[in-house]
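Enquirer: Before we start, here is the structure in question, set down as structure tokens.
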Amino acid sequence: MPLQLDQEYADMMKNHPFGIALYQPLPQQLFHPGCCGYFDSFGQWNPIVELDDTESLKKLGLAPVDDELQKAPAETDIRWGPKISQRARAVKVGMSVEVDPMLATALPVSASAVYSFSTDTDSGAILLTIPPVVHDRYYYESPFKNWVKHNAVTLLKRRPEIKDYGLWIITSTYTTKKCAINLWKKSGKALKVAFSAKVVGIGECGPSGEWSKDQNEQGWSEFGSKDASDSRVVFFGGLKFQCNKLIGKTLKSRQVAPKQFRGHDPVDEDLSKEPEVISTIQTANGEDDEGYEITCEEYLEEIDGNDGEESW
């Protein structure tokens with residue numbers, strides 16, 4: 001089965017160490033560190049509960065987190081240039097000679113540089129953000145794993161969809177007030193973007209700041225929020241919990257093909273890395289026993305070059 005667009009985009013952008021890229025950036029008010037939920041077969045986020053909200057936990061019959069959840073200080077002034085897929089390239093072009101007329105008429109007075117983004121392959125992707133990009137995250141994964149272990153039975157009872165889609169706990173996000181995304185599947189396609197700044201940061205492929213693009217170029221999606229206090233999540237990290245059915249007297253794992261979940265390409269999966277077993281739930285069913293093994297996989301950003309997950 002071919003990958004959906006959100007899965008393709010996430011796979012293309014995994015060269016960046018910020019976690020999983022969202023093709024449809026979610027509102028921060030709905031999707032932020034401490035949220036617990038799942039992505040359904042359409043890639044839509046379905047929230048279940050917020051782990052720092054005692055009242056909502058109580059309404060679902062869920063126990064609170066035993067350990068204290070510690071948030072890292074938010075990074076509130078990150079400036080990103082364009083984020084492009086692994087095989088894409090950026091080339092600075094002239095302001096007058098090489099700029100399409102439609103883009104030239106749309107250029108703001110403050111425009112200082114124009115870049116062309118393209119690939120030699122059939123596909124590529126680009127993410128544009130306006131500063132500041134804000135980074136929020138929790139320290140430590142163990143409190144979240146322990147919470148799932150203690151609440152697994154109740155979670156499966158109250159939200160049985162978890163058996164099919166798994167369960168996410170979001171631990172980090174990168175957000176921006178406005179962003180634009182383009183994913184293309186045409187060899188030789190080139191996108192031109194104008195920027196109001198000339199300076200290119202270290203490790204970036206173009207300037208940060210305000211940008212303009214040709215509205216006639218196909219494939220662009222823009223995201224923002226009417227609520228000035230809200231932002232859009234462009235990358236996230238978290239813990240993915242899966243339910244593997246166990247059957248028989250010895251509760252051996254039933255070997256079935258894993259259901260593909262959003263943003264995951266089985267071709268790139270590191271098969272040498274076994275998921276961590278969090279809990280085993282046993283239930284009686286006539287003469288035989290059956291149950292579920294709850295496993296955890298970490299899809300985390302890289303922090304200061306440490307061992308965050310990038311190949312997810």
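The values are calculated or read from the model by the stated rules, or taken from the named source; none is laboratory data. Keep in mind that what you see is a predicted model, and the values were worked out from it rather than measured. Cβ: placed from backbone, ideal geometry, glycine included. Neighbour counts: every protein chain shown.
Enquirer: Mind checking which strands (runs of 3 or more DSSP E) fall wholly inside region 137-198 and carry at least 3 residues that are under 20 Å from T295 (Cβ atoms) and either more than 19 Å from the chain's Cα centre (by Cα) or at pLDDT 95 or above (or both)?
Expert: 167-176
Enquirer: Can I ask one more? Kindly list the number of the only condition in (1) part of a strand (DSSP E or B); (2) loosely packed, with under 13 Cβ neighbours inside 10 Å; (3) of a type in the set (A, V, I, L, M) that fails for A228.
Expert: A228 satisfies every listed condition except (1).
Enquirer: Do you know which of the residues in region 22-48 that are in contact with a strand residue (DSSP E or B) (Cβ under 9 Å, 6 or more places away or on another chain) and without any contact (Cβ under 8 Å) to a residue 60 or more places away in the chain is surrounded by the most Cβ atoms within 10 Å (Cβ to Cβ)? I'd like the intermediate steps shown before the answer.
Expert: Within region 22-48, the subset in contact with a strand residue (DSSP E or B) (Cβ under 9 Å, 6 or more places away or on another chain) is 22-28, 30-40, 43-48.
Narrowing further to those that are without any contact (Cβ under 8 Å) to a residue 60 or more places away in the chain: 30, 44-45, 47.
Working: L30: 12, Q44: 12, W45: 19, P47: 15.
Checking each candidate, the answer is W45.
Enquirer: Examine region 148-160 for a residue that is surrounded by fewer than 18 Cβ atoms within 10 Å (Cβ to Cβ), within 24 Å of D52 (Cα to Cα) and without any contact (Cβ under 8 Å) to a residue 40 or more places away in the chain, and state whether such a residue exists.
Expert: yes
Enquirer: May I pose another question? Any chance you could count how many residues in region 32-49 are in contact with a helix residue (DSSP H, G or I) (Cβ under 6 Å, 6 or more places away or on another chain) and either of a type in the set (F, W, Y) or within 16 Å of R137 (Cβ to Cβ) (or both)?
Expert: 1
Enquirer: I would also like to ask the following. Can you tell me which residue is farthest from L22 (Cα to Cα) among those in region 184-199 that are surrounded by fewer than 18 Cβ atoms within 10 Å (Cβ to Cβ) and in contact (Cβ under 8 Å) with a residue 60 or more places away in the chain?
Expert: K198
Enquirer: Out of all the residues in region 200-225, which are surrounded by fewer than 15 Cβ atoms within 10 Å (Cβ to Cβ) and in a strand (DSSP E or B)?
Expert: S221, E222
Enquirer: Same structure, new question: Condition first: closer than 17 Å to Q7 by Cα, at pLDDT 70 or above and within 27 Å of the chain's Cα centre (by Cα). Can you find one or more residues in region 239-252 that meet it?
Expert: yes
Conditions tested, residue by residue: (1) in contact with a Cys (Cβ under 9 Å, 6 or more places away or on another chain); (2) small (G, A, S); (3) more than 30 Å from V65 (Cα to Cα).
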residue	(1), (2), (3)
N146	no, no, no
L156	yes, no, no
I162	yes, no, no
T176	no, no, no
A180	no, yes, yes
A190	no, yes, yes
C205	no, no, yes
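Enquirer: Check whether at least one residue in region 2-11 is loosely packed, with under 14 Cβ neighbours inside 10 Å, farther than 30 Å from T119 by Cα and at pLDDT below 95, and report yes or no.
Expert: Within region 2-11, none of the residues are loosely packed, with under 14 Cβ neighbours inside 10 Å, farther than 30 Å from T119 by Cα and at pLDDT below 95.
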